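The values are calculated or read from the model by the stated rules, or taken from the named source; none is laboratory data. What you are looking at is a predicted structure, and each value in this text was computed from that prediction instead of being measured. Note: ideal-geometry Cβ built from the backbone for every residue, glycine included; neighbour counts use all protein chains shown. Protein only, heavy atoms only, side chains kept; ligands, DNA and RNA dropped before computing areas. Shrake-Rupley method; radii C 1.70, N 1.55, O 1.52, S 1.80 Å.
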Amino acid sequence: MEDLFADSPDSMLGKNCSVVCSLVIVISLMLIVSATPSCETSTQQEMVNPKKIVHATSGAAAQSLDPHFVYETEGAAIIRNIYESLVRWPYGVVDGEKKDLSYSTNPDDLKPMLATNWYVSADGKEYTFEIREEVDFHNGGDLTAKDVEYSFERAMLMDRDGGPSWMILQPLTGYGSLKELASAALGKEVEDLTSLSAAEQTQIYSQYIDPAVEATNGTVTFNLPKAHSPFLSILSHGSTIGSVLDKQWCIQIGCWDGSSGSWADWWNPKATGTALYSTTNGTGPFKLNTWEHGSQVVLDRFDGYWREKASMEQVVIKKISELSKRINLFKEGKADIITAPFQSLGKIEGSPGAVVHTGLPSISMNPAGFFVSPVEIDNNEYIQDGPWNGNSIPSDLFSSLKVRKAFCLAFDYTAFNNQAYGGSGYKTHGPIPKALSWAYNSDLSLTRSQNLSKAEQLLKEARGGDLWSKGFTLPLFYNTGNYNRKLVAENLENNIEALNDSFQIEVHALDWNSYLSYMITNKVPFFVIGWFADFADPHNFANPFVSSNGTFPSWQGEDMINIFQSHFDPLVEQGITSTAESERKDAYYSISELSHDYATHIWLPQASGIRVVRDWVRGLPYNPVAAGFYFYPTKKVRTSSLRVNWNLFSPPGIPVNSDPATSLEDDIED
């Protein structure tokens, strides 16, 4: 068993000898009295497999292990431990000992990974990276600039349906898909790229793909048609599309052969149709041992890693759908980390060796409420066609700013937080997540609270008073099984109906396909849905939420689109094209302010992240930009059977939880 005071800094013994000696005496006396509230004894559980870390998780199985195919969290969680990118994000630490959130999501803080330095041209259209030397792939190949060039060209040319290729196609070519690019290049509509001739494929490759990424003498240069501020974020470790492959090895096992006239043979594959479906060869700290699809993944330490080798010799990611089984494994010490929902934490907290962290930031906006105006009434069974007489709603109900503001103020944010998250969630405003702190407007006046008297006043004034006198019957919807969306609908039902007996809200449950169909055809007056980050940049939220060409505004009707087009589009454009952070920040701050002023959405409380680990887990990195866990700096440390509440007797000059160990950033020194 480790000495309880082994972590005390040596320097303290010189500077504070008398204080430390007194502290030792005090602690010793307190240990004699077992009933003291400052210490508690417990049965020490033997650490299981000190050199292996096990994560028991739920969810679906990974679709593939091909980093340019994967576009889901399960696969990304595996890939980020095997493959590496040019740059990486700084991490905090959330482990069995501490909760350090000193990570960053600001691209100015990105750290070198497979690149040692990089340079961005003044116009933001050229990015040049110096590639790290003496880096080996798992199969023994040496990393070169040509590998980087090949990797990004392959990622663009794969462009499978519903995949991640758009993230680099858009900044590097100006087009969001290869179909769109090919149609523009050839001057004709192209749907099936496999039908292109070798000459047509060569034309597209030579005109768009090849010039976008150039490798020369140990450097790689990306050439963009126009500035694209999130580009570095897209390249970073955690976004699998930036993973670097061994070109020679990939070609040998059947990946794209690098030729300009036959790339369409590898375009739009099925999951099992890529040569990297179940085999890997990265530069990361771990290499693939086995992948039992839907069951578990086993990774072994790569001892030829270019940095200091990982502490853990093996990583096991187990898929266990039954929550009770995951909890039992955790309590037995056979799982070091588990995935557990908020509602289950009461079964875990207080267990010997269990450490539960809540309140962790996440890069998502889920859920959010969207107003629709006008509502499509043709063939709409829920909204009456013809003049509004109080028995239905006017199709343009939410074209009124006063009505939108009233609904925002009628919503009970505190009740929703308590019901959905047990009070652990947090309020927000605007489309930019709090975790993107540099772009998040922290002005508290933008965050709404329930104000029924103000809501009543606004509804009395709206539409010349007709709304208050006539009343309305408003249908609200949620998809069956989605508890939080049901809570939102019932919250509005209770509070709007309480304002006026003539206000009626009917809550309807729809199956998911019907719910989605009604949303995308503008047949619901209000809907609730969410968005998770593709990459750590505010543009990935501003664009889908408030750009007139974004994903959600197209579902919100022409009245709302006009608001976004007139007031938000210039700011979205400023945010994506500006190369100065201050200008981007101003744009995103203004977007949050305008969203508040125009009441474009009901910005609902957000869930905080949860992490459940054993107390012997140390150095587990945290940054919400990436899925799953990055195990490179992680280790397991034997803990004492005696728990001491250090805060009760930490004297001046001795910081609580002092730790002489190097920081995580030192552990993963570049």
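A few comments on the model shown:
- Signed unit charges on C-beta, dipole axis of the chain, positive-most listed residue PHE416, ALA439, PHE302: PHE416
- Only one residue of GLN574, SER514, LEU474 has its Cα farthest out toward the positive end of the dipole of region 439-591, where Lys and Arg carry +1 and Asp and Glu -1 on Cβ, and that residue is LEU474.
- Cβ charges +1 (Lys, Arg) and -1 (Asp, Glu), total dipole of region 455-515, debye: 140
- Under 12 Å from the ALA184 label point (7 Å along Cα→beta-carbon), backbone N, region 246-274: none
- Packing order of peptides 242-249, 72-79, 219-226, highest average first: 242-249, 72-79, 219-226 (average count of other Cβ atoms within 10 Å over each peptide's residues).
- Tensor-based shape of the chain (alpha-carbon gyration tensor, a/c under 1.5 rounded, otherwise prolate or oblate): oblate
- Accessible surface of region 410-504, 1.4 Å probe, proportion on carbon and sulfur as whole %: 41
- Residue among THR240, PRO171, GLY464 farthest towards the positive dipole end of the chain, charges placed on Cβ: GLY464
- Taking the 1.4 Å solvent-accessible surface of region 260-381 as the whole, the part contributed by carbon and sulfur is 44%.
- With one equal scatterer per alpha carbon and no solvent term, the Debye-computed log10 I(q)/I(0) for region 473-515 at 0.22, 0.24, 0.34 1/Å reads -0.66, -0.75, -1.14.
- Share of alpha-carbon pairs per 5 Å distance bin for region 435-556, given as whole %: 2, 9, 14, 16, 17, 19, 14, 6, 2, 0
- Under Karplus coefficients 6.51, -1.76 and 1.60, residue-wise ³J(HN,Hα) of region 247-252 in Hz, glycine/proline x: 4, 4, 5, 4, 5, 4
- Accessible surface of region 89-206, 1.4 Å probe, proportion on carbon and sulfur as whole %: 43
- Taken about its Cα centre, the chain carries a charge dipole of about 1820 debye when Lys and Arg each add +1 at the Cβ and Asp and Glu each add -1 at the Cβ.
- Paramagnetic reach from ASP123 (point 7 Å along Cα→Cβ, amide N under 19 Å) across region 217-253: 221-232
- Heavy-atom accessible area per residue - the chain, 1.4 Å, Å²: 41
- Shown for the chain are the DSSP H helices of 15 Å or more along their axis, judged by Cα atoms, with a mean Kyte-Doolittle hydropathy of at least -0.5: 17-32, 145-158.
- For region 152-234, the fraction of alpha-carbon pairs in successive 10 Å shells from zero, as %: 17, 52, 27, 5
- Within region 481-532: Cβ-based charge dipole about Cα centre, in debye rounded to nearest 20 (Lys, Arg +1; Asp, Glu -1): 280
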